[in-house]
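Taking it in order: structure first as structure tokens, then the write-up.
The values are calculated or read from the model by the stated rules, or taken from the named source; none is laboratory data. Source: prediction; values computed, not measured. With ideal geometry, Cβ positions are generated from the backbone for all residues, glycine too; neighbour counts draw on all protein chains shown. Remember, those area values only see protein heavy atoms, side chains included, never the ligands or the DNA or RNA. Shrake-Rupley method; radii C 1.70, N 1.55, O 1.52, S 1.80 Å.
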Amino acid sequence: MVLGRQIDRQTDLMVGWAELPRSPGHAFYDRLQAVLVVAGFDSFAEQESALYYASKLGRPSLPPGRYFRMHLVGYFEGIDSERGLEWRCADSLSLREFLRLGTTEPVPDHSWLSKTRSRLPLEVHEAVFTWVLQRLAEHGLIQGNRIGVDASTMEANAALRAIVRRDSGEDYREMLKRLAKESGIATPTADDLIRLDRNRTGKRLSNADWASPSDPEAKIAKMKDGRTRLAYKPEHAVDLDTGAIVAAEIHPADQGDTTTLPGTLEAAAANLAAIDAAPTAEDPAELIADKGYHSRDGLKDLEDGAWTSRIAEKKMPGVSRWHGDEAARRAVYNNRARLRSGVAKEALKLRAELVERSFALTLDRGGMRRAWLRGRENLHKRYLVHVAGYNLGLIIRLLVGAGTPREFLARVSAHLLVLTAADTRAAILIVATGREAAVLVVSVETAPHD
């Protein structure tokens, strides 16, 4: 055998179909593809999207099933930008197979994804999210008896240094220059502006006074790591018996937990109703949340309704004053009595584990901690598909023992053992471990020398 050398050559003018490179497939994406195809995902997505396209005339669009699959790849691969998503799919033959691309079809570019997302309304993305919940229900992965709620922060695609005042439209530096001139400094330097900003009284950034010109819906908020950024507030409602996310809402970052809770519970009830598991006043579901969701008005609204509250209570000094509000007093005392049971302690522990895990997987590992889209509704569309990918991962974990491609590869390993003997015989053992173990034994005996 001679050494093969890489030389410059002319591109082939014609290539036979049998000569085209093909992928043997990816075990994880093959199982995910089987789940989607058997359940009729493509026909469902096309039926939901047909209303927003012309019936006959026009250029064929990006198939909705392919559009949603590419964003599922974004979750499973942890890709935050749509340009990176395009590059990753174009670089992998197995992902081309998952997208169901033809032999000569190109991977949809990032602008095609953006145009499709702007054309399809939020209701279509919510329908796809509900469709995934129905698949979870078919596998017994939704109980709907205990729902845990919590919120996190997502950095917006807008710079804090570019914010402007709502009343005058001037940015922060222009405001400092104006204040410097009003204080008697005709031509302030950069050091003068820094000194003035450090020493002035009443210095604060309020969402009522400041806004981002590029993303007006992004709000100034403190992130989980302590930084102050323009951000959004994702909020999850999670089934504590299975870990499935039954609602994923995007709220303004400056709204408190007690303000956003009713909207998240309304979305969770609507999604559970689609799988015949909605809570009712006769058969309520337990609502488990932390201290940030505790308020008198909130508990009073939940009392005798579809949700039985187990919301952690803040320790307040002194004696509570009710001022004749017996309904609030009754709701707070009933919630306090339910917190004293061992069931409540177990539920609060599950909430801290499962809801925080859902944020870690969708935001940190799933690539959504930092947004690259602008507008709350626009961002909510992509976020719903990422959360749908999280829920589909629960189904794949049930089937193959791993919910992501990375976890699947980590669970499967192979070991090569070579055992030799004095009479030149050898035994080669290949042990593959994963959810199932397999052993291949090969015996080799060398021929005697003349």
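What the table below lists for this structure:
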| quantity | calculated |
| --- | --- |
| Residue among 327, 268, 278 with the largest mean-square fluctuation in a Gaussian network model of the chain, springs linking Cα atoms under 10 Å | 327 |
| Placed amide H near residue 278: partners under 5 Å, 5+ positions off or other chain | 273 |
| Per-residue HN-Hα couplings for region 295-302 [Karplus 6.51, -1.76, 1.60; θ = phi - 60°; Hz; x = Gly/Pro] | 7, 5, 5, x, 5, 5, 5, 7 |
| Segment residue 46-residue 223, extension gain: residue separation times 0.36 nm, minus the distance between their alpha carbons | 59.9 nm |
| Solvent-accessible surface (1.4 angstrom probe) belonging to residue 319, in square angstrom, nearest 10 | 120 Å² |
| Length added when fully stretched, residue 282-residue 111, from 0.36 nm per residue minus Cα-Cα | 56.6 nm |
| Table column - 3J(HN,Hα) (Hz), region 322-328, Karplus curve with 6.51, -1.76, 1.60, x for Gly and Pro | 9, 6, x, 8, 5, 5, 5 |
| Hits among lysines - C-alpha to C-alpha of residue 203 under 29 Å, sequence gap 8 or more where chains match | 177, 181, 219, 222, 224, 233 |
| 18 Å Cα-Cα reach of residue 314 towards lysines, excluding residues that sit fewer than 8 places from it in its own chain | 291, 300, 345, 349 |
| Centre separation in Å (Cα based) which lies between region 275-308 and region 131-169 | 20 Å |
| From phi via Karplus (6.51, -1.76, 1.60), per-residue ³J(HN,Hα) for region 257-271 in Hz, x at Gly/Pro | 5, 5, 7, 8, 4, x, x, 5, 5, 5, 5, 5, 5, 5, 5 |
| Global form of region 120-225, assessed from the alpha-carbon gyration tensor, a/c cut-off 1.5 | prolate |
| Residue-level accessible surface for residue 316, protein heavy atoms, 1.4 Å, Å² | 140 Å² |
| Angle in degrees between helix 342-359 and the longest Cα principal axis of the chain, rounded to the nearest 10 | 70 degrees |
| Highest-fluctuation residue, 276, 304, 225 considered, GNM on the chain with Cα pairs under 10 Å | 225 |
| Neighbour-limited loop hits for trypsin sites (Lys or Arg not before Pro), region 40-94 (at most 15 other Cβ within 10 Å; DSSP other than H, G, I, E, B) | 56 |
| Extension gain from residue 320 to residue 186, taking 0.36 nm per residue of separation minus the Cα-Cα distance | 42.6 nm |
| From the coordinates shown, Cα extents along the principal axes in Å corresponds to which of (i) 104, 66, 63; (ii) 69, 47, 42; (iii) 79, 69, 35 | (i) |
| Computed E for residue 254/residue 122 - FRET, C-beta separation, R0 30 angstrom, nearest 0.05 | 0.90 |
| Accessible-area composition of the chain, carbon plus sulfur, in percent [1.4 Å probe] | 52 percent |
| Separation of the residue 87 and residue 291 label points, Cα + 7 Å toward Cβ, nm | 4.5 nm |
| Surface per residue (accessible, 1.4 Å probe) for the chain, Å² | 55 Å² |
| Residues whose placed amide H lies under 5 Å from that of residue 244, excluding near-sequence neighbours | 239 |
| Leading residue at positive end of dipole, the chain (Cβ point charges), from 28, 190, 403 | 190 |
| Relative intensity, log₁₀ I(q)/I(0), of region 251-357 from a Debye sum that treats every alpha carbon as a point, q = 0.11, 0.15, 0.16, 0.20 Å⁻¹ | -0.37, -0.69, -0.79, -1.22 |
| Long-range HN-HN contacts of residue 251 with modeled amide H, under 5 Å | 233, 235 |
| Ranking by accessible area, most exposed first, for 55, 295 with a 1.4 Å probe | 55, 295 |
